[in-house]
Amino acid sequence: MSERQQTGHHPAVGPDYLVAGRYRLQAKLGGGGMGTVWLAHDKLLDRDVAIKQITSTTGLGTEAATRLRNRVLHEGRTAAKLSHHHAIAMYDVALDGGEPWLVMEHLPSRSLAQALTVVDAIPPFEVAQIGTQVADALSEAHAVGILHRDIKPGNILIADRGRHVGTVKISDFGIARAKGENDEPDGVITGTPAYLAPEVARGDDPTEASDVFSLGATLYTAVEGQPPFGIDTDSHALLERVARAEIIAPQRADFLTEPLLHMLEPDPARRPTMAQARDELAAAAATNADYLLGAPIHEATGNVPHWALRSAIGRSRPRPAPTLVADTRPATHVGFDRNWTATPPRAMPQRISAPGRTRDTQTNLLHMTLVAGVLVAVIVAIVAVVLALS
């Protein structure tokens, strides 16, 4: 029973509010056009969850409210079909006083969008890991008939503390649809303009290929420091550039350039499938997907990057990390371990200065040699004089 039913009135939703008699709200995690996300505690199973308050039915007519509730229930069931290590799990759809709430796995984390406030850009090897893991989850989603439709940096989470630190998961299937479903009114485009596929910006229905484009645009943003269509406060102007597929040529992507441009093909028929994109991203990083899946995000040294750690919050943005050019093949690892680090990768031969004599050392040695030579000559001369006198 909800607090609304227990008390007969409508208490304000906030910390300590009990949803559906089971989920105790603790703190607001974020919010957007699709609703507000809260950290909550599941009293029944004694665990923390993320719970999303979908746009309220208050003020809606009976028919519209029923349609919204049915839509949320349907979306919850659709998202619950996906069970993947790199996707946030859907646990429940709770009705609280007639209001629908989505109950999801809680991952103590930061989003990729938040990480990009700590650094200007993320090195290609680390972006390849993010892309490989997210693409694997989305490939599974596509296999069970689910389209995400809103892939963007804000919906990719990286665990920033705890035993799963460095774990990457795709989140927010809140506007996901089963393939072939589209109940949006004519002329309404759902998604985030900077990461939309050109065909979606032109009004076509989303497909698996448009999810591939959106993931490519998200990874491009991570490695380049800005979206492929640039930044514009005028959403209409931005949407026009997206529709024309006017992509800014990548400058920092290095070995990721080819797989990213393949994902960002203007023609959806020329894009890879999500599974192919996963394999191309892994291959570009001089490894394969099996090396990257299930392992925490790590630098070439095996450490979790500083931008992914909780302690990095509030730091000033440093200069972008240098592009990796070595063969950065991490060790195979299955599952998670608090103390796990990857075996250092097999690096390409590097030009290393051998330990030797410096210019100053060589000069000193030459000076000492000359002095010694003079002393020897003087001694020899003295001995010669003594012998001559004797």
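The values are calculated or read from the model by the stated rules, or taken from the named source; none is laboratory data. Since this is a predicted model, take the numbers as computed values, not measurements. Using ideal geometry, Cβ is built from the backbone for each residue, glycine included, and neighbour counts are taken over all protein chains shown.
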Taking the condition assigned by the TED database to the domain that holds Ala197, modelled with pLDDT of 85 or more and among the small types (Gly, Ala, Ser), does Ala285 pass? yes
Count - residues of the stretch 206-259 that are over 25 Å from His142 (Cβ atoms), among the acidic types (Asp, Glu) and outside any loop (DSSP other than H, G, I, E, B): 3
With respect to Leu147, is the statement that it is within 22 Å of Ala194 (Cα to Cα), at pLDDT below 95 and either crowded, with 23+ Cβ neighbours inside 10 Å or in contact with a strand residue (DSSP E or B) (Cβ under 6 Å, 6 or more places away or on another chain) (or both) true? yes
Collect the residues in the stretch 192-206 that are at pLDDT 95 or above and surrounded by fewer than 22 Cβ atoms within 10 Å (Cβ to Cβ), keeping them in residue-number order. Glu199
Restricting to the stretch 101-132, give me the number of residues that are among the β-branched types (Val, Ile, Thr) and touching a strand residue (DSSP E or B) at 6+ places or on another chain (Cβ under 7 Å). 2
With respect to Leu138, determine if the residue is outside any strand (DSSP E or B) and touching a strand residue (DSSP E or B) at 6+ places or on another chain (Cβ under 7 Å). yes
Suppose we filter the stretch 49-91 for residues that are among the acidic types (Asp, Glu) and surrounded by 13 or more Cβ atoms within 10 Å (Cβ to Cβ); how many remain? 1
